[in-house]
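Bear in mind that the values in this text are calculations on the coordinates, not laboratory data. All of these numbers come straight from a predicted model, not from anything done at the bench. Neighbour counts run over all protein chains shown; Cβ positions are idealised from the backbone, glycine included.
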Amino acid sequence: MTTTTRIERHHYDVVVIGAGGAGLRAAIEARLAGKKTAIISKSLFGKAHTVMAEGGAAAAMGNVNSRDNWQVHFRDTMRGGKFLNNFRMAELHAKESPQRIWELETYGALFDRTKDGKISQRNFGGHEYPRLAHVGDRTGLELIRTLQQKIVSLQQEDQREFGSYDARIRVFSETTITELLLDGDRVAGAFGYYRESGEFILFEAPAVVLATGGVGRSYKVTSNSWEYTGDGHALALRAGATLINMEFLQFHPTGMVWPPSVKGILVTESVRGDGGVLKNSEGKRFMFDYVPDVFRKQYAETEEEADRWYTDPDNNRRPPELLPRDEVARAINSEVKAGRGSPAGGVFLDIASRRSADEIRRRLPSMYHQFKELADVDITAEPMEVGPTCHYVMGGVEVDPDSGAAFGHVRGLFAAGEVSGGMHGSNRLGGNSLSDLLVFGKRAGGHAASYADGLTTRPKVAVHEVEAAVETALAPLQRDTGESPYTLQQDLQAVMGDLVGIIRREGELADALVRLAELRERVAKVSAAGGRRYNPGWHLALDLRNMLVVSECTAKAALERQESRGGHTREDYPAMEPKWRQVNLVCALDGDTVQLTRKPLPKMRPELIGLFDRAELAKYLTDEELADFDALVADAGEADNR
Amino acid sequence: MSAKRQFRIWRGDESGGDLQDYMVEVNEGEVVLDVIHRLQATDAPDLACRWNCKAGKCGSCSMEINGKPRLGCMTRMSTFGDDETVTVTPLRTFPVIRDLVTDVSFNYEKARETPAFAPPADVAPGDYRMQQVDVERSQEFRKCIECFLCQTVCHVIRDHEENKQAFSGPRYFIRAAELDMHPLDARTDRKEYAQAEQGLGFCNITKCCTEVCPEHIKITDNGIIPMKERVVDRRYDPLVWLGSKIFRRGETPQTSVTTARQGSATPGSARGGVHSHAGGSHDSRAEAQAQSGVNWHREVPHPTAPAVDDRGKLPLTELTFDRAAAPSPFGDDVTFPLPPEHLNFAHPEQDNKH
């Protein structure tokens, strides 16, 4: 009892876990709805991983090509996700992202402009028209800073009205949540610790929004920061929610592989959008050999046509370097495996020989500076060595598309951004992430606020749950017999990178599950040296169990799905299988074991499926589904004739 | 290509600490942060250090490397000699929490005090129109990754805790400049705010902030100096000055830098005072400060609005005036040539001297 009475307690209406784009947007919405809102940030305020997004935010504003509209964006998103997306999320996303971007301008964002003063939009892989609102190649930073400054401006309003900046919205920086606390099946609060002091903190709140991002730290080569340990995924599982599509991980095709100081760091797709090409060790522009049939119509067949596209996109087809990320990643992987890779095990990305140094510096300023300063590589003078790096997890908390409320048997839990699943299907298009954060961040924040409004009684936090959470959190510090958390993390990364990586095989996946089970035993006994005050070893020890359970979900789902689609490639099942398109793999926690179930995908509404050509649908749908589609078209035809 | 290298890292907390020696493996192509991570995984698992992106984009891993404020992820090991000892210490300007982690909340407090973007009242979302050339000036400042290296290096607060209350630091001067240059920001008093509430006057343009900025933002040249210059322009309006010369002579000037923290951020023209950089000031303190050479952060009196009559004109006619001719626009008490010590002129080579 004494341990729990001294814990710092706070009462909020909505607690948002995560201070990236989705978390901040959710918090703004909850605060605008009048709710007392807390933002929990694992890092300092404004350092979230969102700053790493370079390309832009996709929104069909039609500023550069007026033929763009939400239907085209919707189509591109579904196509990119290989039709496994939750169609309703893709629809909401395509419809609402322009408003979310315009709204940012009212918060002070300064996007690059077109000649007529509108927001400029750039080309990106998988998008039919120039669609990405951007600021040079630091769009993520602009987004996070804008939202951060909007929160400050709301705090200034509260300061004027109530005399305190923190009256209605407060940021708890460098604070980690380790446990969600429930009252029956309702969220009652969240328990965690201040990283700085190691002191515990308890939030009592009826509604929690998860916006914790992804899981990349389970992989050796990753563009993700230390924060990406799958906290939200694991918190949701333990609270009784479900995860979907966990087998789909996006490996960004062009991460730096050399030198080590920049290993894993992304080379934005805009390098390819602005003329960069991929070459193997023989100097061959190899992407022309890897255009899959489903994309044959949209991509150039010759280098000449591809090169014309940069200046005349209306009359030429796109260069194959701009294929969706999974295709490019697989192509690079194949080249390297065939022995045509670069010395460090990647391929060459060459923009130096294709654009003038001035133009490269102007169009890709932070890319240029980043490599000049981090690695002493001059991208205007020499090609980069790039290869696939773990970048994004498509899978995540299974949510109601409209509200972001988690499925499973928990109420009051919401999720938005990378931690939620469904929106991107089996593969995310570049640029769809930033707009996803805004669209579903706003929705989750708003719905969390109205959920809190609708409660007649506030759920209560049970004392014994807090005691248990304290005990779990302190355990690694009190043991001195276990292994170092750093060793365990390296072992976990080796298992995931080697056995559940970009190309997967049944035997390896089964092996991975055995090893993960062994690791689970070892992680349960991890010990951390040192005290509670800003102790990174202890922090990692606590994150490990989250990484582990999420990795188990990924490995299990990857073993189950016997096909290749988007971010999931099985060497033993190389083809896409229409039957599997109808299935989501759902992970839930039973005790502490991961249970996998199959769940049918929701059926797309007629007016949405009607946006596609039959020829395109034929690549994805089963015969029965196609028959349904034909009947639909015939009905519509008759209706037109009447 | 790996070798053992000597590192000295400050370990401790607010109660004290010292530099500890480590021999650690360093591989080709690594940066200081890589080496710190290796230390955490081997000899010092509880070594506290902030980091996030390891790509120079988030500004978390600020530290002082061989005495210079830098980002750990952007300091290549190849920049040091093979047998050079690398000394890593926490940011000096902020209180230590543990090891290399400092309490940077000062910056977040200053951020909260800076008035936010004021959207134009009559422009709907989606209707914002701006030209690229006009947004570029602000965009330069929005590159800021908030690593706070400029804040830690700034000598106004680096060793002067007492200045922290009145001084926001370079990071927030460029925030003010960014908003001042924003084509659609509805507030018009960003410069005056910076002068009155952020302590812009303390800055004497040593450009240390520009030098350490990992984003290469020209903090001083493009942010601070234009803000200072335009504050001076406005204050040095000859008509304003003339009016005050004639009608408010001898009135006690008010200073701006030390105005109360609470209250309006707009030092209005209604406040009295005489301003002159050219020697006409009656503020003996300011005079004394001027004697000691170029001193940008001396306390500068507020400008005075001309005392106009109902028609908005100066109540001045030939008949009521006590001279036979037009007065000197510089004031009667100013004689030429001006005494050199009253000139606010910075010789280009002046900075090299100290």
In nm, spacing of pseudo-spin labels at A:Asp185 and A:Glu8 (7 Å Cα→C-beta vector): 3.5 nm
Rh (Kirkwood; distinct C-alpha pairs) - the protein assembly as shown, Å: 30.2 Å
Once B:Arg311 and B:Thr85 are pulled to full extension, the length gained, defined as 0.36 nm per residue separation minus their Cα-Cα distance, is 74.0 nm
Quick check: residue separation of A:Glu199 and A:Thr456 times 0.36 nm, minus the Cα distance between them. What number comes out in nm? 89.3 nm
Might you list the cysteines of chain A that have no disulfide-compatible partner by the rule of another cysteine's Cβ under 4.7 Å? A:Cys390
Sparse-neighbourhood loop sites, trypsin sites (Lys or Arg not before Pro) in the range B:62-170 - DSSP loop, at most 16 other Cβ within 10 angstrom: B:Arg92, B:Arg129
What nm distance separates the two modelled labels at A:Asn65 and A:Lys603, each placed 7 Å from Cα along Cα→Cβ? 3.4 nm
Contour minus Cα-Cα distance for A:His464 and A:Arg505 (0.36 nm per residue): 10.4 nm
Which net charge results for the neighbourhood of A:Ile201, defined as the other residues with beta-carbon distances under 10 angstrom from its beta-carbon, given Lys and Arg at +1 and Asp and Glu at -1? -1
When Cβ neighbours within 10 Å are restricted to other protein chains, what is their mean count per residue of peptide A:527-538? 5
Roughly how tilted is helix A:70-80, in degrees to the nearest 10 and between 0 and 90, from the longest Cα axis of chain A? 90 degrees
Spacing of the two label points (7 Å from each Cα toward its C-beta) at B:Glu136 and A:Arg479, in nm: 5.9 nm
Unit charges at the beta carbon, dipole of the protein assembly as shown: most positive-side option, A:Thr254, A:His447, B:Met63: A:His447
Candidates per trypsin sites (Lys or Arg not before Pro) in the range A:306-342, loop by DSSP, up to 12 other Cβ within 10 Å: none
In debye, nearest 20: dipole of the protein assembly as shown around its Cα centre with unit charges on the Cβ of K, R (+) and D, E (-)? 820 debye
For A:Lys442, which aspartates and glutamates qualify as cross-link partners when the Cα separation must be under 13 Å and same-chain residues fewer than eight apart are set aside? A:Glu29, A:Glu96, A:Glu103, A:Asp402
Could you give the distance between the Cα centres of the range A:125-153 and the range A:249-267, to the whole Å? 21 Å
Along the charge dipole of the range A:250-371, pointing to its positive end and built from +1/-1 on Cβ of Lys, Arg, Asp and Glu, which listed residue (A:Leu278, A:Thr268, A:Ala344) has its Cα farthest out? A:Ala344
Looking only at the range A:27-171, where both bridge partners belong to it, what percent of the DSSP beta bridges are antiparallel (to the nearest 5)? 60 percent
Kindly put B:Phe7, A:Phe251 in sequence by how many other C-beta atoms sit within 10 Å of each C-beta, fewest to most. B:Phe7, A:Phe251
Please report Rg over Rh for the range A:250-391, where both radii come from the alpha carbon positions and Rh follows the Kirkwood definition. 0.95
Sequence neighbours fewer than 8 away in the same chain don't count; with that in mind, list the lysines whose C-alpha is under 29 Å from A:Lys619. A:Lys82, A:Lys95, A:Lys297, A:Lys337, A:Lys556, A:Lys579, A:Lys599, A:Lys603
Restricting to Cα pairs below 8 Å that are 6+ residues apart, what does the relative contact order work out to for the range A:358-490? Please round to a whole percent. 16 percent
So for chain A: antiparallel DSSP bridges make up what percent, rounded to the nearest 5? 65 percent
Could you list B:Thr102, A:Thr222 so that the one with the fewest beta carbons within 10 Å of its beta carbon is first and the one with the most is last? B:Thr102, A:Thr222
Unit charges on C-beta of K, R, D, E only; dipole of the range B:2-102, Debye: 420 debye
Determine the distance separating the Cα centre of the range B:1-63 from the Cα centre of the range A:512-530; give it in Å without decimals. 26 Å
Where does the Debye-calculated log10 I(q)/I(0) of the range A:459-588 sit at q = 0.09, 0.15, 0.16, 0.17 Å⁻¹, using only Cα point scatterers of equal weight, no solvent? -0.36, -0.78, -0.84, -0.89
Among B:Val123, B:Ala111, B:Cys154 - extreme Cα towards positive end, dipole of the range B:111-229, charges at beta-carbon: B:Cys154
Kindly work out what percent of the DSSP beta bridges joining two residues of the range A:250-391 are antiparallel, to the nearest 5. 90 percent
